[in-house]
Every structure is written in C-alpha cells, then in structure tokens.
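So the structure is just underneath, and the comments pick up after that.
The values are calculated or read from the model by the stated rules, or taken from the named source; none is laboratory data. Just so you know, these numbers come straight off a predicted model, no measurement behind them. Please note: Cβ atoms are built from the backbone with ideal geometry, for glycine as well, and neighbour counts cover all protein chains shown. Side chains are part of the model used for accessible areas, which takes the heavy atoms of the whole protein and leaves out ligands, DNA and RNA. Shrake-Rupley method; radii C 1.70, N 1.55, O 1.52, S 1.80 Å.
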There are 2 protein chains.
Amino acid sequence: MAKPPNQDQTREAGIVESWHANAQPWVSAVRTGQIASRQLVTDAAIIDAVRGRAPASVLDIGCGEGWLARELAARGIRVSGIDAVAELVQAARQAGGGDFRVMTYAELAAGQFPDAVDCVVCNFSLLGKASAEQVVHAARGLLTPAGCCIVQTLHPLQACGELPYADGWREGSWQGFSSHFRSPPPWYFRTLESWTRLFASAGLRLCELREPLDPRTGKPASLIILAVRA
Amino acid sequence: MAKPPNQDQTREAGIVESWHANAQPWVSAVRTGQIASRQLVTDAAIIDAVRGRAPASVLDIGCGEGWLARELAARGIRVSGIDAVAELVQAARQAGGGDFRVMTYAELAAGQFPDAVDCVVCNFSLLGKASAEQVVHAARGLLTPAGCCIVQTLHPLQACGELPYADGWREGSWQGFSSHFRSPPPWYFRTLESWTRLFASAGLRLCELREPLDPRTGKPASLIILAVRA
C-alpha cells in the first residue's frame with residue numbers, strides 16, 4: 001500500500017496546483033503592471049542585483065512568464081528559465097528573450113539542467129519547504145566557479161506579521177490582486193537565521209544581503225540574498 | 001581656530017559620557033538581574049555563540065562590568081576585556097575572571113591591544129557610528145587565522161519601530177530601567193544590509209546569523225552576527 005502524502009508534500013503539491021490554476025491571471029497581472037511592490041521596488045532591485053555580478057549567463061529558476069529573463073536578455077545576458085507550470089513556460093516562450101523549459105524543482109535537483117551558469121536567480125520563486133531546499137542545494141552545482149546565487153524573497157521580519165517568528169507553513173492570500181485569482185498557494189515562512197543556515201548547508205557563503213525599501217512605507221519590500229560557492 | 005565637533009562626534013562623545021554617568025546603576029542592574037531580555041534570552045545566546053566556536057582566548061570589546069568575561073572564564077576560556085569607562089573596568093577587575101583594561105575604541109583601532117585572540121565579542125557594545133566601524137575594521141587584525149568576530153545587537157527590524165528603516169542616529173531611552181539611570185546614550189541605527197556591508201568592508205565574511213527569540217513575544221530579542229576572516 002502506498003504511504004499517504006504527508007502535510008509537507010500536500011502543501012508542496014498545493015503550490016504547483018495553485019500556479020497551474022492561476023497561470024492566466026498571473027501572466028496578465030505581471031504584463032500589465034498590476035503588482036505595485038514589483039513596479040515600485042522589487043523588479044528593479046532584482047535586475048540591479050543580477051547586473052551587479054556582470055554574468056554572461058543566468059538561470060532563472062521559477063521563471064514564470066519570463067519578464068526577468070526578457071529584462072536581462074535586453075541587457076545582453078544569455079538567459080535560461082525553468083518553471084514547473086507549462087502554461088507559464090509557454091507564455092515565456094511566446095514573448096522570447098530566453099531558452100525556457102518546463103522543469104520541476106525536483107527534476108532540477110536531479111541534474112536535468114545541463115549547463116553551468118554565472119548566476120542562478122530565484123525571484124520570489126522559493127515558496128515551499130523541501131522544494132526550496134532542493135533548489136538552494138542544487139545551486140552550487142549549477143554555478144561556474146565564481147558564480148553567484150541570488151534569491152529575492154519576502155523579508156522575514158516584515159512578512160511574519162502577528163504570528164510567532166518561526167519556520168512553518170502559512171496560508172497564502174491574493175489580497176490586492178484581481179478577482180480572477182483563486183486558491184492562493186500556501187507558502188513556507190523562514191526566519192532570517194533559517195535562510196542563512198540553508199545557504200551554509202548548501203555550501204554557499206553569503207556575500208551580501210539587500211533590503212530594497214518600499215517608498216510607501218519606508219520599510220523593506222523584500223530581502224535579497226547573494227551567495228557564492230564556499 | 002579648532003573646528004567645532006560635528007554631530008557624529010558629539011553623539012559619539014555622548015555615548016561615552018552617558019556610560020560614565022550611569023556606571024553605578026548599570027553595575028547594579030546587571031549584577032542583580034534587572035534586565036529581563038538579558039536574563040531570559042540574550043545572555044545565554046551570546047555565551048552559546050561564543051562557546052560554539054570553542055575559543056581558547058576571547059577579547060570582550062565594551063566589556064562593561066565584566067559579566068560575560070566571568071561566564072566565559074568559568075568555562076575555561078582566557079578572557080581579556082576592554083571598556084572606555086574606568087568605573088566599569090574597575091568593577092570588572094574587582095569581580096575577576098579576566099584581564100580588564102581601560103581602552104577606547106579609537107585606541108583599540110590604533111593597535112593598543114597587543115594580542116591576537118580566537119574570538120572577538122561585542123555584546124550590545126557597538127552603539128555608535130564611526131566607533132562601531134572602527135571596532136569591526138580592527139577585528140580582523142585582532143583575530144587568529146580561524147578566529148571569529150561575534151556581535152550581538154538590537155535586531156534591526158525589531159528595533160526600527162515606526163521610524164524609516166534607514167541608518168541614522170536615534171534617541172536613547174532607559175525605559176524599563178530603575179530611576180537611578182539618567183541621560184540615556186544616543187545610538188546609531190543600522191539596517192541589516194548596512195551591518196552586512198560593514199563586515200564585508202572590514203574583510204570579514206558572515207558565517208551565521210542568529211535570532212534568539214524572546215519567549216514573551218515570539219519575536220527576535222536580538223541579532224547575533226558571526227563572521228570570520230574573508
């Protein structure tokens with residue numbers, strides 16, 4: 001008899017299911033600039049962080065509909081993108097700018113991406129627990145010797161809200177998004193300490209932490225972690 | 001004509017003046033366990049962080065009345081302590097446990113501490129701007145090759161309060177302390193990004209960030225930064 005999936009597995013599957021269900025409104029939200037924090041702060045912040053490393057090649061993990069790949073390609077960078085959601089990858093391919101493939105994080109961790117790149121970037125795309133750990137652990141092997149792994153994520157202290165400051169699954173929300181979105185993905189909250197421990201355990205050493213500020217609040221809109229091979 | 005001191009210099013001087021003025025109530029507050037966050041969380045957290053590096057020798061920068069030195073000495077570690085406030089150093093000497101000297105951070109940065117140590121520790125003792133920068137920049141030269149610099153400080157996101165999340169001087173407060181305290185020292189707020197940039201600029205690389213939790217709030221009581229020679 002097959003073992004029933006545990007809570008972690010159910011939630012990891014729930015993340016991918018939610019993105020399948022919301023692929024179309026997501027493409028529309030990104031392409032029409034509906035997400036204010038991205039427009040105001042975090043899009044420019046991740047582009048700056050990647051450009052600061054002057055990579056010739058980038059792998060965009062959880063590339064979605066491909067906006068970041070297009071921005072980087074327009075600056076002369078060779079970009080590959082992977083995403084588990086075929087509909088998003090299809091949208092990315094149609095818009096061009098990179099070599100986009102349907103690939104799960106487990107497949108990536110299993111070695112299915114064949115090349116080494118100067119920069120691995122995850123822009124708000126590490127939402128799960130084991131899946132995020134797989135990606136960060138895989139990153140080291142995907143990087144050229146001086147390559148850099150860059151993760152933009154919710155700032156732990158800002159994202160914690162009223163709940164205890166401890167790793168754990170949280171309910172998702174589409175608050176502020178259009179009515180076309182449904183079944184928000186769950187996400188796994190990590191403390192700053194936990195993020196730094198994850199990078200260390202993956203053989204990556206932190207070289208920089210950035211906290212792009214939201215001009216509306218004067219507080220960090222996100223946390224950007226830059227790490228290189230230890 | 002001598003140039004008048006700038007605001008930074010006035011505030012740096014204000015920090016040391018305040019500690020001179022409050023040395024006696026401080027000794028009493030520490031030695032009678034009046035500071036709840038220290039009793040509940042941060043004292044044990046800094047001892048754990050230092051012991052985790054298994055140092056034979058430690059330099060406690062801003063040692064105050066010497067409680068941390070005594071705790072570490074009781075665990076077989078050879079401890080030196082420096083502090084700019086003679087009255088605190090005198091109290092530390094009387095209680096024993098280490099080799100305590102009156103020394104300003106500027107004197108430390110000028111090379112007046114003669115030995116290399118396995119661990120440099122600053123426990124809530126980097127309150128200023130230039131003075132904190134001097135200490136972190138001096139730390140690299142004070143460490144043995146595998147030595148570790150450990151700083152415990154207010155957690156930037158927790159300490160920010162309603163003010164903008166940006167480096168800058170803040171008013172001090174003795175809220176929660178006895179009525180014997182007066183003229184609280186100003187302190188220089190640093191973002192997490194700014195702390196990590198300071199370490200990098202000093203030739204130190206982060207190996208760990210810890211966020212000891214306050215059991216009363218479930219939120220970080222402090223931030224502990226561990227860094228080694230880059």
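Could you run the Karplus curve 6.51 cos²θ - 1.76 cosθ + 1.60 with θ = phi - 60° over region B:84-91 and give me ³J(HN,Hα) per residue in whole Hz, x for Gly and Pro?
6, 9, 4, 5, 6, 4, 4, 4
So who's got an amide H within less than 5 Å of the one on A:Arg101, skipping anything under 5 residues away but keeping other chains? H placed 1.01 Å off N, in plane.
Distant-sequence amide H within range of A:Arg101: A:Gly81, A:Ile82, A:Asp83.
In region B:164-182, what residues drop by 10 Å² or more in accessible surface going from the chain by itself to the full protein assembly, probe 1.4 Å?
B:Pro164, B:Tyr165
Over region A:7-229, with every protein chain in place, what whole percent of the accessible area is carbon and sulfur at 1.4 Å, could you tell me?
Carbon and sulfur atoms account for 49 percent of the accessible area of region A:7-229.
How large is ³J(HN,Hα), in whole Hz, for each residue of region A:201-210 in order, when computed from phi with the Karplus curve 6.51 cos²θ - 1.76 cosθ + 1.60 and θ = phi - 60°, using x for Gly and Pro?
These are the phi-based 3J(HN,Hα) values: 5, 8, x, 10, 10, 5, 10, 7, 10, 10 Hz.
Any idea of the accessible area per residue across region B:76-132, 1.4 Å probe, to the nearest Å²? Could you put the intermediate results ahead of the total?
On the way: 2270 Å² over 57 residues.
For region B:76-132, the solvent-accessible area averages 40 Å² per residue.
I need the Debye-formula profile for chain B: one equal scatterer per C-alpha, no solvent, reported as log10 I(q)/I(0) at q = 0.15, 0.16, 0.17 1/Å, two decimals.
Computed log10 I(q)/I(0) values: -1.04, -1.21, -1.40.
If only Cα atoms are counted, what is the Rg of the protein assembly as shown, and what is its Dmax, in Å?
24.5, 89
Within 10 Å of each Cβ of B:189-197, how many other protein chain Cβ atoms are there on average?
Mean shielding by partner chains, rounded to a whole number: 4.
Whose Cβ in chain B comes nearest the axis that rotates B onto A, and by how many Å?
B:Leu157, 2
I'd like to check one number: the per residue accessible area of region A:133-230, probe 1.4 Å, reported in Å² as a whole number.
Per residue, region A:133-230 has 43 Å² of solvent-accessible surface.
At what distance in angstrom do the alpha carbon centres of region B:145-184 and region A:79-118 lie from each other?
Each part reduced to its Cα centre gives a spacing of 45 Å.
What whole-number value in cubic angstrom gives the convex hull volume per residue for the C-alpha atoms of region A:121-194?
Taking the convex hull of the Cα positions in region A:121-194, it is 117 Å³ per residue.
May I ask you to evaluate 6.51 cos²θ - 1.76 cosθ + 1.60, the Karplus curve with θ = phi - 60°, for each residue of region B:180-189 and list the ³J(HN,Hα) values in order in whole Hz, giving x for glycine and proline?
6, 7, 8, 6, x, x, x, 9, 9, 6
What is the interface area between chains A and B, defined as buried accessible area summed over both chains with a 1.4 Å probe, reported in Å² to the nearest 100?
Working: alone 11030 and 11010 Å², together 20250 Å².
Approximately 1800 Å² gets buried when A meets B.
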